[in-house]
Amino acid sequence: MDNFDTPSTSRDAALLPDTGEPGFGVYVHWPFCAAKCPYCDFNSHVRHQPVDQERFTSAFLTEMAAVRSMSGPKTVTSIFLGGGTPSLMKPETVSAILDGIARHWHVPDGIEITMEANPSSVEAERFRGYRAAGVNRVSLGVQALNDRDLKFLGRLHDVADALKAIRLARDIFPRMSFDLIYARPEQTVEEWEKELKEAISYAVDHLSLYQLTIEEGTPFYGLHKAGKLIVPDGEQSALLYEATQEITAREGMPAYEVSNHARPGAESRHNLTYWRYGDYAGIGPGAHGRLTRGPEKLATATERKPETWLDMVERDGHGILDEERLGFEEQSDELLLMGLRLREGVDLARWQQLSGRDLDPKREEFLLEHKFIERIGNSRLRCTPSGMLILDSVVADLAC
């Protein structure tokens, strides 16, 4: 197997420009958290005994080899360490994972390497260790900038912890993002505008701004169903969304995707790979992947429970449970679903090539007439701001 330079040898390389192509990403899922947030339905698990990081690292590397045999040789355009809480990993664990990726695929100098981190698990020494390993972008799970709502959201950090983490990230990493959740109970537009302006003032180059959603199977779902948790109604949520778009655009951080905002050039390269419907390798418990193989795209999903995944990898060489072969029609639907989330819209020629048809002229005319979609020249189609508010309906209409 070819042996390429590791990311840790090129940690100071300038970030490569976005080519506009879908690219090939590698996603690694660290499934452990210090506590489970009541709104979270991600594949995250709390363990009260120390995790055997060396054993899990070995399993990540083993599964990488299996996925590499499926993907073939590729040039990696982004790496994302997600979770869970990846900032619970030792820097040595991160370094071993990144070095492993570079052994299996070609990793050029200057690609984006993102790591998610929670403010409660941030230490300056650990952050410098991640940077030395090759991480050049950190995404902080801040979620709110007042202590009352942080407690409501079940976060382990307070605002002081969040601001410390933001300062450290800004000083140590070339690029930084953080998440905020809005449409919280009793939140007014004025409160959210103040909080959002404060967030932008921290010299951040990327913000992920999500409306609070009530997901089945979470503690919040039970409270909501029992009438003990009231979230803003559709009209109030729309007002909060519109305020979000207005303020971020005015402050030079317009939306480039439904929930993501960035200064020009600071868009998340890895997430753009998803939304542009590129290929990506999914490594670790509960990770998903998309790998093109001839005319088909292979959708992969691994075992979600960490210990079961670990046993599978050690026994079988991987923890992949599902391999679904997506035909052209399924690929065209996914391309539309993902691409219409983006401000840049969908490449219509690519969609037509996959689907083997044109858009239904009557459906397109209806959506154009009501200003839910718009053409960008002859080659692209995108949702308008009004269309983004009813994105699922627009996608369903066009996909028929």
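The values are calculated or read from the model by the stated rules, or taken from the named source; none is laboratory data. Bear in mind that the values here come from a model prediction, so they are computed numbers and not experimental data. No Cβ is skipped: glycine too gets one built from the backbone with ideal geometry, and neighbour counts run over all protein chains shown. For accessibility, only protein heavy atoms count, side chains too; no ligands or nucleic acids. Shrake-Rupley method; radii C 1.70, N 1.55, O 1.52, S 1.80 Å.
Given a 10 angstrom Cα cut-off, can you work out which residue in Arg131, Arg315, Arg382 is the most mobile in a GNM of the chain?
Result: Arg315 has the largest fluctuation of those listed.
Return the carbon/sulfur percentage of the accessible area of the chain, one whole number, probe 1.4 Å, all protein chains in place.
50 percent
In segment 209-257, what trypsin sites (Lys or Arg not before Pro) fall in a loop by DSSP, with at most 13 other Cβ atoms inside 10 Å?
Of the trypsin sites (Lys or Arg not before Pro), the ones in loops of segment 209-257 whose Cβ has at most 13 other Cβ atoms within 10 Å are Lys228.
Go ahead and collect, in residue order, the members of segment 265-302 whose backbone nitrogen is under 11 Å from a label point 7 Å along the Cα-Cβ direction of Arg363.
Of the residues in segment 265-302, none has backbone N under 11 Å from the label point off Arg363.
Between Asp147 and Asp41, what's the calculated FRET efficiency when r is the beta-carbon distance and R0 is 25 Å? Round to 0.05.
Efficiency, from the Cβ-Cβ distance: 0.55.
Identify which of Ile172, Ile181, Ile390 has the largest mean-square fluctuation in a Gaussian network model of the chain, with springs joining Cα atoms closer than 10 Å.
Result: Ile390 has the largest fluctuation of those listed.
From the helices alone, meaning DSSP H stretches of at least four residues, give me the mean residue ellipticity at 222 nm for the chain, per-run term -39500 (n - 2.57), in deg cm²/dmol to the nearest 500.
Per the formula, -12000 deg cm²/dmol.
Charges at C-beta only: +1 for Lys and Arg, -1 for Asp and Glu. How large is the resulting dipole of segment 33-169 about its Cα centre, in Debye rounded to 20?
About 40 debye.
Taking each pair of different alpha-carbon atoms in segment 325-366 once, compute 1/r for the pair, average those values, and report the inverse of that mean as the Kirkwood hydrodynamic radius in Å to one decimal.
For segment 325-366, inverting the mean 1/r across all distinct Cα pairs yields 10.8 Å.
What Cys residues in the chain have no fellow cysteine's beta-carbon under 4.7 angstrom?
Flagged as lacking a Cys partner: Cys33, Cys383, Cys400.
Taking the Cα centre of segment 135-245 as origin and charging only Cβ (+1 Lys, Arg; -1 Asp, Glu), how large is the dipole, in debye to the nearest 20?
440 debye
Figure the gain on full extension for Met70 and His106 (residue separation times 0.36 nm, minus the Cα-Cα span) and round it to one decimal in nm.
Details: separation 36, 0.36 × 36 = 12.96 nm, distance 1.52 nm.
That pair, Met70 and His106, stretches by 11.4 nm at full extension.
How about segment 158-207: which chymotrypsin sites (Phe, Trp or Tyr not before Pro) there lie in a loop by DSSP and see at most 10 other Cβ atoms within 10 Å?
Within segment 158-207, no chymotrypsin sites (Phe, Trp or Tyr not before Pro) qualify (loop, at most 10 other Cβ atoms within 10 Å).
Calculate the dipole size of segment 24-274 relative to its Cα centre from +1 charges on Lys and Arg beta carbons and -1 charges on Asp and Glu beta carbons; express the result in debye to the nearest 20.
Roughly 780 debye, rounded to the nearest 20.
Just the number please: accessible area per residue for the chain, 1.4 Å probe, all protein chains included, in Å².
Accessible area per residue: 45 Å².
Can you tell me the relative contact order of the chain? Whole percent, Cα pairs under 8 Å, sequence separation 6 or more.
Averaging sequence separation for qualifying contacts and normalising by length gives 17 percent for the chain.
In a Gaussian network model over the chain where Cα atoms closer than 10 Å are linked, find which of Glu54, Glu329, Glu235 has the largest mean-square fluctuation.
Looking only at Glu54, Glu329, Glu235, the biggest GNM fluctuation is shown by Glu235.
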